[in-house]
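Just below is one structure, and these are the notes that go with it.
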Amino acid sequence: MLRNTTKILSLYTQNTLRKQCLHTTIRTSNAAAKAKLIEKKGLPNWSNEDRFTTDMKIIESTAPLKAYRVMDHTGQILDKAHEPQMSKEEALYCYKKMVQLHVIDGILYEAQRQGRISFYMTHYGEEAMIGSAAALENDDVVFGQYREAFMLLYRGFTMDEMMNQCFSNDMDYGKGRQMPIHYGSKKLNFQTISSPLGTQIPQATGAAYALKLSNSRACTICFFGEGAASEGDFHAGLNMAATLKCPVIFMCRNNGYAISTPSSEQYKGDGIASRGIGYGIDTIRVDGNDIWAVYNATKAAREIAIEENKPVLIEAMTYRIGHHSTSDDSTKYRDRNEVEERAQFDNPVTRFRRYLEHKQWWNQDEEDQWRKEVRSSLMKSFNAAEKRKKPDLNQMFSDVYDELTPNLVAQKQELQELIKKYPEYYSTKDYASSS
């Protein structure tokens, strides 16, 4: 009897152990399957024991991200493997556009000081950003901030078109409704500049998402400064781009100052690049005064955006040599010697010119001749644009509603009555007529 009881207990124990092992195996299998499902969805697998530690460590900082550079300030290539395989003609085209922009900035800045245009912003110190224009395709859509005239010049925007916009005349594509330098060109895929800071960032993300849905082999590129990166639009735009996997290149021009606020007071962490990494975006920091570093980084970023449908953040470390705008006097908040030293030691135009001279592709005679040609052509466009009439007054009421609303009809009628009643005060001779 005892022997039979022992045998029965032994069989029961074995059967129980088998069931426990089976349940353990099932649970393990289910956990593994769930982990694979989580990984497939791209979610962090916090059921993985490797993600936990018994060490309590509060991270104070990480090593600063270094800036990628191709050539030094003397124009010497640091690593031949990174020198772009660009022809002499292509390289000279970039340089000539840099010089052209430099001449335009000088003349229009003085024109504003003379009261001939109302506002202007120069690109001094940031001309190497034209490397991004050379790395893109014409189908790529540009969302600028306000220092991206280089992109338009590279794509073929004429000086006539530029001057018409700055004078807000009847040939201005914006019909006189924008401030000077707020360019836009539908044919060149350049979205109109908007004054409110940072609004273009989520717009660029949305446009990139649309390009993705349409299976277009194109991306968007969005320019902004380190000051704009403090806006909420920056964080919303980057997070949307990362989660929706949008083919957009975020180009941050970190030029040291957000108008009068130095970057040391704008943020505490490692610049703007660290934020891209935090949002799960592929990120690189480059020497923003090195046209080839900007070119290589943008070209690589475009390939990632197009081939992988992923956003990329580029932080270009540069320096704003000029005032923020004609409404600003930067000597009130920074040392004049600081500006002069940067302009002399690390001027992006001078750096690229030295590179071309090393290769015997450019000389002083060609420099003098090109500057003379640019100035002559610019003054011709400048004088012609200044003489043109302002847009038709009726343009103040068009392009918002398909049919004018009652309040706009009333306003338009009131304007016409005032002009008719007080012609000596409301002269229309300087405005184009729709008739």
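Would region 107-122 turn up any residue that is modelled with pLDDT of 90 or more, in a helix (DSSP H, G or I) and within 28 Å of residue 315 (Cβ to Cβ)?
Yes; the residues of region 107-122 include at least one that is modelled with pLDDT of 90 or more, in a helix (DSSP H, G or I) and within 28 Å of residue 315 (Cβ to Cβ).
Looking at 106, 131, 125 in this structure, which one is open to solvent by 10 Å² or more (accessible area, probe 1.4 Å) and within 30 Å of residue 163 (Cβ to Cβ)?
106
Looking only at region 333-349, decide whether some residue is touching a helix residue (DSSP H, G or I) at 6+ places or on another chain (Cβ under 7 Å), assigned to a loop (DSSP other than H, G, I, E, B), of a type in the set (A, V, I, L, M) and closer than 30 Å to residue 254 by Cα.
no
Out of the residues in region 248-266 that are in contact (Cβ under 8 Å) with a residue 24 or more places away in the chain and surrounded by fewer than 17 Cβ atoms within 10 Å (Cβ to Cβ), state the one that is nearest to residue 332 (Cα to Cα).
Restricting to residues being in contact (Cβ under 8 Å) with a residue 24 or more places away in the chain and surrounded by fewer than 17 Cβ atoms within 10 Å (Cβ to Cβ), the top hit is 260.
So which residues in region 182-194 are within 16 Å of residue 154 (Cα to Cα) and in a loop (DSSP other than H, G, I, E, B)?
183, 184, 186, 187, 188, 189
Find the strands (runs of 3 or more DSSP E) located wholly in region 219-300 whose residues include 1 or more that are within 18 Å of residue 144 (Cα to Cα), and list them.
Answer list for region 219-300: 220-225, 248-254.
Could you list all residues from region 354-366 that are closer than 22 Å to residue 79 by Cβ and surrounded by fewer than 19 Cβ atoms within 10 Å (Cβ to Cβ)?
The answer is 354, 357, 358, 359, 360, 361.
In this structure, is residue 272 open to solvent by less than 30 Å² (accessible area, probe 1.4 Å), β-branched (Val, Ile, Thr), farther than 28 Å from residue 162 by Cα and in contact with an Asp or Glu (Cβ under 7 Å, 6 or more places away or on another chain)?
Answer is yes for this residue.
Is there a residue in region 277-285 that is closer than 28 Å to residue 350 by Cβ and open to solvent by less than 10 Å² (accessible area, probe 1.4 Å)?
Scanning region 277-285, I find no residue that is closer than 28 Å to residue 350 by Cβ and open to solvent by less than 10 Å² (accessible area, probe 1.4 Å), so the answer is no.
The values are calculated or read from the model by the stated rules, or taken from the named source; none is laboratory data. All values reported here derive from a predicted model rather than from experimental measurement. When we count neighbours, we look across all protein chains shown, and the Cβ atoms used for this are built from the backbone with ideal geometry, even at glycine. Please note that ligands, DNA and RNA were not included when accessible areas were found on the heavy atoms of the full protein model with its side chains. Shrake-Rupley method; radii C 1.70, N 1.55, O 1.52, S 1.80 Å.
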